[in-house]
């Protein structure tokens, strides 16, 4: 059982710079990660760049943890992309728009490896 | 070496049109001024899809454009419920052919607005939008609000060209004479620049809009000491700042559309703007993401009457977001083939809906390989609009701007590929009718 958190996703500059280069290493490094605040990092017992598993009712994914000041306790930010979206429900509540923000999630330290984009896409085949 | 000025950026909804680049040997070798780092990256180029390809036994095999056109047309003509999705990172001329193709097929046509500002479109259809051009903001606005938006990362030139940092006719002192309010759930590069940062609890935007509405209408007594994590003191200060504006401009992003009440958040944001009208001039504008997502909404509206999520299978246009948006169609496993152009659902759709997309035949038209390519069955490399192809796009404030062609391409334009698919589909149908 992991720690309960609120998951949001969104754009970053490096993610934007690689919009047309999503198979690149720079995109992978930027997007397959999650921002946490210091207290949450300590609670999980993870250091920067260690892997965490994030799980929702719709899926689970392994990403690298990053400490970011200004992220409120209990909130996790994953840059928009295949890793964040593996955790998002397709239910649009009749609006056409999935819930990309405000998702109930659990997070825990893991020794599992972060899947590369090609490996991650394979999980849908 | 040739220097080209007034280059137009084809990345985000800012559509900056004051860029200077150097071109040598049919390559953009330098972006000299005007572009942000994201736009610069776009202009300088990335790895390309090298050849048209068809998936055979799980592997993409290179083929000719003729073979790929034939295969794509066969897939679409045989489909009973095709979805044609994307359209936001290409030009209006291609989008127009896309609508024609959708009509020919009786397809559902949807665009990236449905996972971006679709809720804003719904809200605008509900209550209208007191908005203005970005030029008006630049020349007039002295109070700027970014709500659920982080332009310092996502629209890096927005503040410099149009809002907080820009200098215009009545705003010649620039940011010295302006106020910046940022509303977000976490500290961002944008919030660090703000005069007032309202850090709200995630998902509580609706409540905070309502509180500001109440204060602006003179009913601060109904507002409790704290709303959605924001103190009444900060709300009163923000409302005073809004009231004191000569001209205020709110910009909102995915922080509002992606969350909780969705379109109802935006309705409330627009009504907050109306409340500000009892004191001063105030406008509100969505921060559109792709450089031509506003354009496909325009094209789709003038061709079908509706901006996104349009079903053409009935012989007339039927609009129902929530039923006909791409995500909903995929979750219900309703579509049996898809054409994806100028977008990347493989990266940007919920995993749950990608599962169905990965199962059905997918045709992809894009200059660049991306996660969608991983499961696409027919792939067409295309010229990069705004670098290798000209055409019209609509900026986030719905101002049409023409993209320039800077260099020649070895790849055809999106419009040309779509026209060929359309011709081939018509030929197949004619044959079937005989």
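Derivation of every value follows stated rules applied to the coordinates shown; laboratory data play no part. The structure displayed is predicted, hence computed values, not measured ones. Cβ atoms come from the backbone with ideal geometry, glycine included; neighbour counts cover every protein chain shown.
Quick check on the stretch B:143-196: take the gyration tensor over C-alpha atoms, sort the square-rooted eigenvalues as a ≥ b ≥ c, and tell me if it's rounded (a/c under 1.5), prolate or oblate.
Values: a/c = 2.55, a/b = 1.65, b/c = 1.54.
It comes out prolate by the Cα gyration axes.
Each of the peptides A:112-122, B:289-299, B:141-151, B:271-281 was scored by the mean count of other Cβ atoms within 10 Å over its residues; in descending order, highest first, they stand as B:289-299, B:141-151, B:271-281, A:112-122.
For chain B, what is the relative contact order in percent, using Cα pairs closer than 8 Å and at least 6 residues apart in sequence?
Details: 946 pairs, mean separation 105.0, N = 434.
About 24 percent, as a whole number.
With all projection directions averaged, the alpha carbon convex hull of the stretch B:72-118 covers 3.5 nm².
Convex hull volume of the Cα atoms of the stretch B:279-351, normalised per residue: 160 Å³.
Using only the C-alpha atoms, the convex hull of the stretch B:118-286 corresponds to 96 Å³ per residue. A Förster radius of 41 Å, combined with the Cβ-Cβ distance separating residue A:93 from residue B:33, puts the computed FRET efficiency at roughly 0.35. When only Cα pairs below 8 angstrom with a gap of at least 6 residues are kept, the stretch B:146-229 shows a relative contact order of 22 percent.
Just to verify a number: FRET efficiency for residue B:236 and residue A:4, C-beta to C-beta distance, R0 = 25 Å, to 0.05? Computed FRET efficiency for residue B:236 and residue A:4: 0.15.
Taking a ≥ b ≥ c as the square roots of the eigenvalues of the Cα gyration tensor, the stretch B:2-42 is prolate, since a/c reaches 1.5 or more and a/b is larger than b/c.
Rg(Cα) of the stretch A:3-122 divided by 2.2 N^0.38 Å? Each step should come with its number before you reach the end.
Values: Rg = 13.6 Å, N = 120, 2.2 N^0.38 = 13.6 Å.
Taking the Cα Rg and dividing by 2.2 N^0.38 Å, one obtains 1.00.
Rounded to the nearest 10 degrees, the angle from helix B:92-105 to the longest Cα principal axis of chain B is 60 degrees. Taking each DSSP H run with n ≥ 4 as -39500 (n - 2.57) and averaging over every residue of the protein assembly as shown yields -9000 deg cm²/dmol at 222 nm.
Consider a paramagnetic label point 7 Å from the Cα of residue B:426 along Cα→Cβ; state which residues of the stretch B:51-69 have an amide N under 20 Å from it. The answer is B:66-69. Per residue, the convex hull spanned by the Cα atoms of the stretch B:1-90 amounts to 149 cubic angstrom. Computed over the alpha-carbon pairs of the stretch B:173-251, the distance histogram in 10 Å steps reads 18, 52, 27, 3 percent, short to long. When DSSP beta bridges are restricted to pairs lying wholly in chain A, around 65% turn out antiparallel. Helix B:414-433 and the longest principal axis of the C-alpha atoms of chain B enclose an angle of approximately 50°.
Give the value in nm², to one decimal: projected area of the alpha carbon convex hull of chain B, averaged over all directions.
Values: hull surface 85.0 nm².
Mean projected area of the Cα convex hull: 21.3 nm².
Compute the separation of the alpha-carbon centres of the stretch B:112-181 and the stretch B:356-420 and state it in Å as a whole number. Using only Cα atoms, the two centres lie 28 Å from each other.
Taking every residue in B:342-350 and counting other chain Cβ atoms within 10 Å of its Cβ, the average works out to 6. Using the alpha-carbon atoms, what tilt in degrees (0 to 90, nearest 10) does helix B:232-243 show relative to the longest principal axis of chain B? It works out to around 80 degrees. Built from the Cα atoms of the stretch B:292-434, the convex hull projects on average onto 10.0 nm², one quarter of its surface area. Does the protein assembly as shown classify as rounded, prolate or oblate by the C-alpha gyration tensor (a ≥ b ≥ c root eigenvalues; a/c under 1.5 gives rounded; else a/b over b/c gives prolate, otherwise oblate)? Prolate.
Could you check what % of the DSSP bridge pairs in chain B are antiparallel, to the nearest 5?
Numbers: 26 of 63 bridges.
Around 40 percent of the beta bridges assigned by DSSP in chain B are antiparallel ones.
Each of A:62, B:121 has some number of other Cβ atoms within 10 Å of its Cβ, and from fewest to most they run A:62, B:121. Sorted ascending by nearby beta carbons within 10 Å, beginning with the fewest, A:101, B:179 become B:179, A:101. In nanometres, what is the gap between the two model label sites at residue B:170 and residue B:301, each 7 Å from Cα along Cα-to-Cβ? About 2.6 nm, to one decimal. Using every pair of separate Cα atoms, the Kirkwood estimate puts the hydrodynamic radius of the stretch B:108-215 at 15.4 angstrom. The value of relative contact order for the stretch B:280-434, using C-alpha pairs under 8 Å at least six residues apart, is 18 percent.
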